[in-house]
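To start, the structure itself, in structure tokens.
Please treat every number below as a calculation from the coordinates, not as lab data. Computed from a predicted structure; not experimentally measured. Counting neighbours? That spans all protein chains shown, and the Cβs are built from the backbone with ideal geometry, glycine included.
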There are 2 protein chains.
Amino acid sequence: MDTIERDTSGLPADVLNPNCPSRVIFQRIGDKWASLVVQVLAEGPVRFSDLRKMVSVVTPKVLTQTLRSLERDGLVTRTVHAQVPPRVDYELTALGRSLLDPLALLRAWAESHVPAILAARDAYDDAQDEALLG
Amino acid sequence: MDTIERDTSGLPADVLNPNCPSRVIFQRIGDKWASLVVQVLAEGPVRFSDLRKMVSVVTPKVLTQTLRSLERDGLVTRTVHAQVPPRVDYELTALGRSLLDPLALLRAWAESHVPAILAARDAYDDAQDEALLG
DNA sequence: CAGGATCCCGATAGATACTG
DNA sequence: CAGTATCTATCGGGATCCTG
């Protein structure tokens, strides 16, 4: 049951393995809103409507979906306060908080290298144009 | 032109800003195959067909798309060797290699916490089932 | 306020077949 | 070998409307 197939070619890493857990992560990180929500929740509990404002423009449906999946994965807790008007707080679990560091590193990479990426894009696109013009 | 709008609510982080560069990154990382390809290229240059084998099952079309976008972003170089049969090598640039560390951290997180995530999912799903059964 | 229910659409992955 | 071309199927995301 627990046997995990290793590649037979002697290649490194399990990234190659479709069963590799890292794929699960990249799915979550890759989610358009999930990683943003996690980072917004870094400071502490936030209620639904505030979350909506903080995460640029996301529709309630999509935000709900995102939060549900995060909750299902044990990264976020959902707390309903029995009061009128209703109030629902979302907060990171310990598991969710453990993701903050890797995420922060990624953000740091982003902020320091995005200019280079954008420059590369321009250069690439220019080269393409030139090629077309002959 | 360079003015970047800050949130007026005194909230932290630029994640909230749609113009925030981190979004560019999460797009790239979130790409189903891009981050996998980058990690596979960590060891050194790899040719197209080998890449196909290494990155589980990806169609040539999609792999090409992925490589093009990585090339455009300056993370990967494409080298065509004029010979028969054709040989094309893909290799990380310095920029691409600089992404390896953040990626590795994410993978480490994945591999250590995925069991917890899967357990959380089971628990969540069970709770859902129970709720339905009354 | 915090969402659930629907309908819809554009982007994209994948399968298949073909080419320099 | 290293792709390109085409078609199709799927799906996340958004818009809109409604409710406990």
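Distances between equivalent label points of residue B:45 across the copies, with each point positioned 7 Å along Cα→Cβ, amount to 5.8 nm, shortest listed first. Kirkwood radius and radius of gyration were both taken over the C-alpha atoms of the protein assembly as shown, and their ratio Rg/Rh is 1.02. Tell me the net charge near residue A:125. Cut-off is 14 Å between Cβ atoms, residue A:125 excluded, with +1 for each Lys or Arg and -1 for each Asp or Glu. Result for the local shell: -3. For the listed residue pairs A:32/B:53; A:53/B:32; A:32/B:61; B:32/B:53, the alpha carbons are over 20 angstrom apart in A:32/B:53; A:53/B:32; A:32/B:61. With label points set 7 Å from Cα along Cα→Cβ, the inter-copy distances at residue A:130 are 6.6 nm, sorted shortest first.
Mind checking the alpha-carbon convex hull of region B:86-130 and giving the volume per residue in Å³?
Normalising the Cα hull of region B:86-130 by residue number yields 119 Å³.
Were the residues from residue B:49 through residue B:84 laid out at 0.36 nm apart, the gain over their Cα-Cα distance would be 11.1 nm. Looking down the axis that turns chain A into chain B, the chain A residue with its beta carbon nearest that axis, and the gap rounded to whole angstrom, comes out as A:30, 1.
Annotation: Cα Rg of chain B relative to the compact-globule expectation 2.2 N^0.38 Å equals 1.43. Ascending distances from the residue B:115 label point to its copies in the other chains, with the point 7 Å along the Cα-to-beta-carbon line: 4.4 nm.
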